[in-house]
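Note sheet for the following structure.
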Amino acid sequence: MKCFRGLSLPPLLLLLSLAAARPARAQSGCPDPQASNYNPAATRNDGSCQYPITGTALPPKAALNPELNESSGLQVASGGLWSHNDSGNAPVLFRVDSASGRTMQRVRLHGTANVDWEDLAADATYLYVGDFGNNFGNRRDLRILRVALADLGPAADSAGAQVIAFRYPDQTDFTSRLNQHNFDCEAMFFAHDSLHLFTKDWVDFKTRYYTVPAAPGSYVAHLKATFDVNGLITAADINPAGTVAALLGYDTRNGAAFAWLLSDFKSTAFLGGNKRRIELPSVLRVGQVEGLAFAGRDQLFISNEQLSNALVTVPAQLYGLAVGRWLPGTALATTSPRSTDVGIVATPNPARQRLHLARSAGAAGVAQVRILNMQGQEVLADTLAAEARQQDLDLAGLSEGVYILEVQLSGRTHTQKLVVP
């Protein structure tokens, strides 16, 4: 037996022992059991998941008021559902009752115009209006209007807006060509301090994904990726947990409407994870779908522009669609509870009826707990006594929407977004 530096192991056993000591390498592949190419050994999603053709009905919730016959954007913000009309209409935001479709509030943005409003986005402080519709491909005034949510209170009928101007880094030709170019845009959402835009490519039926800073100024958009959506993208949104994004669209070649569900992505690589297409009914049945908003972790609102031609008339409507059945469990699982930076754990989130508060080890003293709406107004308050380890906060009196949870303990304050679906 040949020895190796004093070791008496045969060479083969030595190599095997060294290999066993090394950590297992991450294996790329498709980790979604719903995919046709599911790889149970995959530990890293490489974006390769493929899915069977999946179709669904689109249940109507309510008819929209005729004044919103060209509903082109949707967003849940400031405790309500907001929409607007597209080009040629007044620069007005409409707050809509999601149960009846009735208009509850109208807010005119003064000092601006509706050149071609196409989508809405929101963060905890602002509502963003995408004035970037570009049917002819010749606009040099692409912009996003930023409106403070504090100015959209229930009594407001007008508000001001700041301008985020931008241009595409890859557009050099501004010749007017109606629907014969790839520089239209109708889809946007907010995430990670930026606005994320998805184009409506009339020529190649793809979408290009850009980012723009969410602060007033003039910018060159950053092109991050391209995705073959096989259609025209008309709206986008991301769920409150930031785990699922959705793109809405239709195909002018055959009238098919569809939604793409994006999940299991890392950070802002929204096109790097699972991409699943859900076939919706034809636009001849549901209209030209142009508005999309998450109302919870896996609940969507969809709206359409009125469609009227020689074949059919479809009024503007609000639809509801649950998409959880088509998503991996990792996208829907509640984030593992963790202590806030003041030592109080609040679960679950989203929370429908009750919010459970639990004290971490070492978090001593009286904790003051408040829930604020998006205007910063207190809607609920409670106290976690110094001797209490846990306590439930009753949320039954809160309307559906996004709120701010504020916890004060030992001179420190923690705030986080809270969703009531």
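The values are calculated or read from the model by the stated rules, or taken from the named source; none is laboratory data. Computed from a prediction, not measured in an experiment: that's the story for all the values here. FYI the Cβ positions are ideal-geometry reconstructions off the backbone, even for glycines, and counts take in every protein chain you see.
In summary, G320 fulfils each of the numbered conditions (1) surrounded by fewer than 17 Cβ atoms within 10 Å (Cβ to Cβ); (2) modelled with pLDDT under 85 with the single exception of condition (2). From the list L178, L223, the lone residue that is surrounded by fewer than 13 Cβ atoms within 10 Å (Cβ to Cβ), of a type in the set (A, V, I, L, M) and farther than 30 Å from Q105 by Cβ is L178.
The combined condition, being within 26 Å of A322 (Cα to Cα) and touching a residue at least 40 places away in the same chain (Cβ under 8 Å), is not fulfilled by S410. Restricting R140, R208, R146 to residues that are among the basic types (K, R) and either within 22 Å of E70 (Cβ to Cβ) or in a loop (DSSP other than H, G, I, E, B) (or both) narrows the list to R140.
Pairs are defined by a Cβ separation below 6 Å, a sequence spacing of at least 6 or placement on different chains, a first member in the stretch 160-172 that is assigned by TED's automatic domain parsing to the domain that holds T112 and farther than 8 Å from L142 by Cβ, and a second member that is of a type in the set (V, I, T) and assigned to a loop (DSSP other than H, G, I, E, B); the pairs so defined are A161/T112.
Is there a residue being among the basic types (K, R), in the same structural domain as F301 (by TED's automatic domain parsing) and over 22 Å from G153 (Cα atoms) anywhere in the stretch 80-96? No, there is no match, as no residue in the stretch 80-96 is among the basic types (K, R), in the same structural domain as F301 (by TED's automatic domain parsing) and over 22 Å from G153 (Cα atoms).
Among the conditions (1) among the aliphatic types (A, V, I, L, M); (2) modelled with pLDDT of 90 or more; (3) out of contact with any strand residue (DSSP E or B) (no Cβ under 8 Å at 6 or more places or on another chain), V369 misses just one, which is (3).
Looking across the stretch 211-220, just one residue is assigned to a loop (DSSP other than H, G, I, E, B) and buried (at least 20 other Cβ atoms within 10 Å of the Cβ), and that is A214. Specify which of the listed residues (L311, L271, L300) is at negative phi and over 14 Å from the mean Cα position of the chain (by Cα). Step by step, each of L311, L271, L300 is checked, and only L311 is at negative phi and over 14 Å from the mean Cα position of the chain (by Cα). Here is the figure for the stretch 188-201: residues that are surrounded by 15 or more Cβ atoms within 10 Å (Cβ to Cβ), of a type outside the set (D, E, K, R) and either out of contact with any Asp or Glu (no Cβ under 6 Å at 6 or more places or on another chain) or not assigned by TED's automatic domain parsing to the domain that holds Q288 (or both) total 7. Quick check on my filter: what residues within the stretch 289-303 are modelled with pLDDT under 95 and either surrounded by fewer than 20 Cβ atoms within 10 Å (Cβ to Cβ) or small (G, A, S) (or both)? Result: A295, G296, Q299. Residues in the stretch 257-288 that are of a type in the set (A, V, I, L, M) and touching a helix residue (DSSP H, G or I) at 6+ places or on another chain (Cβ under 8 Å): A257, L261, I278, L280. Residue-level analysis places V286 outside the set of residues that are at pLDDT below 95, surrounded by fewer than 23 Cβ atoms within 10 Å (Cβ to Cβ) and on the phi < 0 side of the Ramachandran plot.
In the stretch 110-130, the residues that are among the hydrophobic types (A, V, I, L, M, F, W, C) and surrounded by fewer than 24 Cβ atoms within 10 Å (Cβ to Cβ) form Cβ pairs under 6 Å with partners that are modelled with pLDDT of 95 or more and part of a loop (DSSP other than H, G, I, E, B), at six or more places apart or across chains, as follows: A113/P91. The criterion of at least 2 residues that are of a type in the set (S, T, N, Q) is met, among strands (runs of 3 or more DSSP E) falling completely within the stretch 33-119, by 71-77, 80-85, 103-109.
Selection of the stretch 126-137 for residues being assigned to a loop (DSSP other than H, G, I, E, B) and small (G, A, S) yields G133, G137. Here the stretch 239-255 is the region considered, the condition is being at pLDDT 95 or above and buried (at least 20 other Cβ atoms within 10 Å of the Cβ), and the residue that is farthest from the chain's Cα centre (by Cα) is Y250.
Restricted to the stretch 79-137, and to residues that are out of contact with any Lys or Arg (no Cβ under 6 Å at 6 or more places or on another chain), charged (D, E, K, R) and over 23 Å from G401 (Cβ atoms), which residue is modelled with the lowest pLDDT? The qualifying residue modelled with the lowest pLDDT is D86. In the set (1) buried (at least 17 other Cβ atoms within 10 Å of the Cβ); (2) modelled with pLDDT of 95 or more; (3) not assigned by TED's automatic domain parsing to the domain that holds V283, S48 fails one condition alone, (1).
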